[in-house]
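The values are calculated or read from the model by the stated rules, or taken from the named source; none is laboratory data. Predicted, not measured: the structure shown is a model, and the values here were computed from it. All Cβ positions, even for glycine, are placed from backbone atoms using ideal geometry, and neighbour counts span all protein chains on display. Ligands, DNA and RNA are stripped out before the accessible areas are found, and what is left, the full protein with its side chains, is counted by its heavy atoms. Shrake-Rupley method; radii C 1.70, N 1.55, O 1.52, S 1.80 Å.
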Amino acid sequence: MYDEKALVTSAHSTTNQSNTVKAKGTTEKIAQTAANGSQSTGTISFVKAAYQDVGFLTYLRKLTMEEHLLKAGLKLSDEQHVARVHEHFSDSYLIKLGQATVGLIKLGVENGNLHIRQFQILPQYQNKGIGDKVLLVCKRKASEQHRTITLNVLHDNPAKQLYLRHGFVIENTDNLQHFMRYSK
């Protein structure tokens, strides 16, 4: 089920010095595939990350990104992963499914666009529709604000397929990543 009282209806963009996207703790219903293969209803919500979440966010980043970074020829130290977690920290929102923290989205305004700085979901929650629902919220938010959405994705990151499926196009590519855009 899908509840239209989504993050996008209560979130607002600010154009203050930090240009961050702020969210209240609103929720949406999603259908979650349970481990046994049956469908159950879960609630997805977005909660502003706090500094006590840095340990989890570093773990999440390493778990979901290290393989793709290595394929790209980048071996990051623990300190470099932590630095990336701290980068644009005010744009960080935990993705919750019920009471469980299942991921992170860093969403900010960059060059007038809504920019997805980081989007990571724990592996055991991937391929269950959570990423689709989060992107739908981002797309509605961008539409309300009359903005396009931009993001960068490493060449071999399978998340690229999720973005393409949602209408993102590759605008440019360098030796490391694709620069993608969604506009409606």
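Please indicate, with yes or no, whether at least one residue in segment 40-51 is more than 16 Å from Ile116 (Cα to Cα), within 17 Å of the chain's Cα centre (by Cα), open to solvent by less than 50 Å² (accessible area, probe 1.4 Å) and at pLDDT 95 or above.
The answer is yes, given that some residue of segment 40-51 is more than 16 Å from Ile116 (Cα to Cα), within 17 Å of the chain's Cα centre (by Cα), open to solvent by less than 50 Å² (accessible area, probe 1.4 Å) and at pLDDT 95 or above.
Name the strands (runs of 3 or more DSSP E) wholly inside segment 70-184 in which the number of residues that are out of contact with any helix residue (DSSP H, G or I) (no Cβ under 9 Å at 6 or more places or on another chain), surrounded by fewer than 17 Cβ atoms within 10 Å (Cβ to Cβ) and of a type in the set (Asp, Glu) is 1 or more. Spell out the reasoning first.
Details: elements: 92-97, 100-110, 113-121, 149-154, 169-173, 177-182.
In segment 70-184, the matching strands (runs of 3 or more DSSP E) lie at 100-110, 169-173.
So, in segment 60-69, of the ones that are of a type in the set (D, E, K, R) and closer than 13 Å to Gln118 by Cβ, which residue ends up surrounded by the fewest Cβ atoms within 10 Å (Cβ to Cβ)? Explain how you work it out, then say what you get.
Residues of segment 60-69 of a type in the set (D, E, K, R): 61-62, 66-67.
Still in the running and closer than 13 Å to Gln118 by Cβ: 61-62.
On the way: Arg61: 19, Lys62: 16.
Among them, the one singled out is Lys62.
For (1) in contact (Cβ under 8 Å) with a residue 60 or more places away in the chain; (2) among the β-branched types (Val, Ile, Thr), each residue gets a yes or a no:
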residue	(1), (2)
Ile95	no, yes
Thr101	no, yes
Phe119	no, no
Lys128	yes, no
Ile149	no, yes
Tyr163	no, no
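Give me the pairs: first residue in segment 170-182 and among the polar types (S, T, N, Q), second residue part of a loop (DSSP other than H, G, I, E, B), beta-carbon distance under 7 Å, and six or more apart or on different chains, which are they?
Listed pairs, sorted by first residue: Gln177/His155.
If you scan segment 47-72, which residues turn out to be of a type in the set (Gly, Ala, Ser), touching a residue at least 12 places away in the same chain (Cβ under 8 Å) and farther than 11 Å from Leu154 by Cβ?
Result: Ala49, single match.
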